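First up is the structure itself, then whatever we jot down about it.
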Amino acid sequence: MKLDILAFGAHPDDVELGCAGTILKEISLGKTVGIVDLTRGELGTRGSAEIRDQEANAAAEILGVSVRENLGMRDGFFVNDEKHQLEIIKMIRKYKPEIVLCNAIDDRHIDHGKGSKLVSDACFLSGLMKIATALDGKEQESWRPKLVYHYIQWKDIKPDFVVDITGFTDKKIEAILAYGSQFYSATSKEPESPISSKNFLESLNYRSRDLGRLVGVEHAEGFTVERYLAVNSLGDLL
Ligand SMILES: [Zn+2]
């Protein structure tokens, strides 16, 4: 199955937190989107790998993505080496996306920056014909995504461009709250974590409002790029 957009996250919930609004919007515009989680988030302070598997499936259903896969890499300890790059390359060649979305280039959680570089390196390597991969016994063709965009997570990274997600924020929050073990709830007895506070949950709304305010819409999500963005004509940005 070919997809238009493939979104990678180091942990289940990274994609939702970073770019759920954009995914919902692209799907509403007729694009096909898939999610690949690198780890099961088994080191998370709250919940467990099994709980997060269920939460990730529920969130995928809310978003309406075509597929969601988990590569089962080691939370906290995966590295950017040949073995891990080949696992990502197999996913890129399987789904042949034009656009790849991946973690923030730098963040509080070390897996985010690591996952960002790992996916970005694999996007390049995936285009090299002499790197052989096979899936289910079938040789894969090389494929390089045209664009790699990094979403923004914990740290306030200055975006290179923003996407208007007005009208998609309620569904975005619904997808995020599918991770019931991770985020704020007045009745949870789980230990506190940096993302379980009420402030963090509210920050999702005020960040998208602030980015929206700056470009004259209600809500927006920001991304950074690896190379200059190009337009055909100055009018394209109107
Ligand atoms: Zn994460």
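Please treat every number below as a calculation from the coordinates, not as lab data. Computed from a prediction, not measured in an experiment: that's the story for all the values here. A quick note on method: Cβ atoms are made from the backbone with ideal geometry, for glycine too, and the neighbour counts reach across all protein chains shown.
Placing a label point 7 Å from the Cα of residue 69 along the Cα-to-Cβ direction, the residues of region 124-144 whose backbone N falls under 11 Å from that point are 134-136.
What ranking do 67, 100, 119 get, fewest neighbouring Cβ atoms within 10 angstrom at the top? Could you put the intermediate results ahead of the total?
Working: 67 16, 100 26, 119 29.
Ascending Cβ contact count within 10 Å gives the list 67, 100, 119.
Couplings 3J(HN,Hα) for region 159-168, derived from phi with the Karplus relation 6.51 cos²θ - 1.76 cosθ + 1.60 (θ = phi - 60°), are x, 8, 7, 10, 10, 5, 10, 3, x, 10 Hz, where x marks Gly and Pro.
Residues 81, 136 in ascending order of nearby Cβ atoms (within 10 Å, fewest first): 136, 81. Among 180-189, 1-10, the peptide with the highest mean count of other Cβ atoms within 10 Å heads the list, and the full ranking is 1-10, 180-189. What you get for region 1-134, charging only the Cβ of Lys and Arg (+1) and of Asp and Glu (-1), is a dipole of about 460 debye around the Cα centre. Loop-located trypsin sites (Lys or Arg not before Pro) across region 208-238 with a Cβ neighbour count of 14 or fewer within 10 Å are 227, with loop assigned by DSSP.
Across the options 30, 59, 18, the greatest Cα extent toward the positive end of the charge dipole of region 5-236 (unit charges at beta carbon of Lys, Arg, Asp, Glu) belongs to 30.
The trypsin sites (Lys or Arg not before Pro) of region 104-146 meeting both criteria, a DSSP state outside H, G, I, E and B (loop) and at most 11 other C-beta atoms within 10 angstrom of the site's C-beta, are 130, 146.
Give, to the nearest whole percent, the P(r) tail of the chain beyond 30 angstrom, counting all Cα pairs. When every Cα pair of the chain is considered, 22 percent fall beyond 30 Å.
Sparsely packed loop sites in region 57-162 (the GluC sites (Glu not before Pro) outside DSSP H, G, I, E and B with at most 12 other Cβ atoms within 10 Å) comprise 141. A compact globular protein would have a Cα radius of gyration near 2.2 N^0.38 Å; the ratio found for region 1-139 is 1.00.
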